[in-house]
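The values are calculated or read from the model by the stated rules, or taken from the named source; none is laboratory data. All of these numbers come straight from a predicted model, not from anything done at the bench. For neighbour counting, all protein chains shown are included, and Cβ atoms are generated from backbone atoms with ideal geometry for every residue, glycine included.
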Amino acid sequence: MSDFRAVSPAFLACPQLELDDIAAARAAGVTLIVNNRPDGEEPSAPQGDEIEAAAKDAGIGYVAIPIGHSGFSEVQIDQLIAALDAAEGTVLGYCRSGTRSTFLWSLAQAKKGMAPERIAAAAAGAGYDISPIRPMLDMLAAR
């Protein structure tokens with residue numbers, strides 16, 4: 001069952017996608033799916049290649065930016081910025097719970113200059129607490 005949460009007007013976050021969720025994503029105006037879950041993290045869940053194939057069949061773009069236990073890197077932040085900048089429509093990020101996707105979106109917004117308070121409010125509005133990455137947000141926003 002889809003649990004798409006609007007973090008911003010152009011970015012949704014959700015827990016693990018199932019293949020049946022792709023049609024709902026399309027109906028919600030999603031034009032790009034960003035997979036933030038490493039393949040094999042949950043073997044019983046659809047893996048990236050399955051989601052990618054279903055997305056392409058539905059006319060939705062797909063990019064994988066897996067976030068593992070080692071955390072976030074600037075390369076991953078830059079990859080999401082590039083994906084968001086190139087997207088023509090709504091982007092849907094997913095991981096196990098939607099938290100990593102929201103964290104990565106938050107870091108990308110901070111690097112692009114959005115105030116950390118605005119980022120935190122947007123994430124909270126979607127039900128995500130970004131306080132664990134607040135020092136990183138502040139660092140990126142200060143650049």
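Below is a table of values for the structure above.
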{"item": "Failed criterion for VAL91 (all others in (1) outside any helix (DSSP H, G or I); (2) within 17 Å of the chain's Cα centre (by Cα); (3) loosely packed, with under 15 Cβ neighbours inside 10 Å; (4) not hydroxyl-bearing (Ser, Thr, Tyr) hold)", "result": "(3)"}
{"item": "Out of LEU84, LEU104, sole residue that is buried (at least 24 other Cβ atoms within 10 Å of the Cβ), touching a residue at least 40 places away in the same chain (Cβ under 8 Å) and not aromatic (Phe, Trp, Tyr)", "result": "LEU104"}
{"item": "Region 132-143 residues that are surrounded by 11 or more Cβ atoms within 10 Å (Cβ to Cβ), paired with ones that are of a type in the set (S, T, N, Q) (beta carbon under 8 Å, 6 or more apart)", "result": "ILE133/SER106; LEU137/SER106"}
{"item": "Single residue of GLU41, GLU117 found to be assigned to a loop (DSSP other than H, G, I, E, B) and among the charged types (D, E, K, R)", "result": "GLU41"}
{"item": "Any hit, region 39-56, residues being among the small types (Gly, Ala, Ser) and crowded, with 21+ Cβ neighbours inside 10 Å", "result": "yes"}
{"item": "Selection from region 74-88 of residues that are farther than 30 Å from SER44 by Cβ and outside any helix (DSSP H, G or I)", "result": "GLU88"}
{"item": "Criterion violated by ALA13 - all others in (1) assigned to a loop (DSSP other than H, G, I, E, B); (2) under 23 Å from ALA123 (Cβ atoms) satisfied", "result": "(1)"}
{"item": "Exclusive hit being out of contact with any helix residue (DSSP H, G or I) (no Cβ under 7 Å at 6 or more places or on another chain), farther than 25 Å from LEU107 by Cβ, basic (Lys, Arg) and in contact (Cβ under 8 Å) with a residue 12 or more places away in the chain, set ARG26, ARG37", "result": "ARG26"}
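Residues checked against (1) of a type outside the set (A, V, I, L, M, F, W, C); (2) touching a His at 6+ places or on another chain (Cβ under 8 Å); (3) at pLDDT below 95:
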{"position": "SER2", "(1), (2), (3)": "yes, no, yes"}
{"position": "ARG26", "(1), (2), (3)": "yes, no, no"}
{"position": "VAL34", "(1), (2), (3)": "no, no, no"}
{"position": "GLU42", "(1), (2), (3)": "yes, no, yes"}
{"position": "TYR62", "(1), (2), (3)": "yes, no, no"}
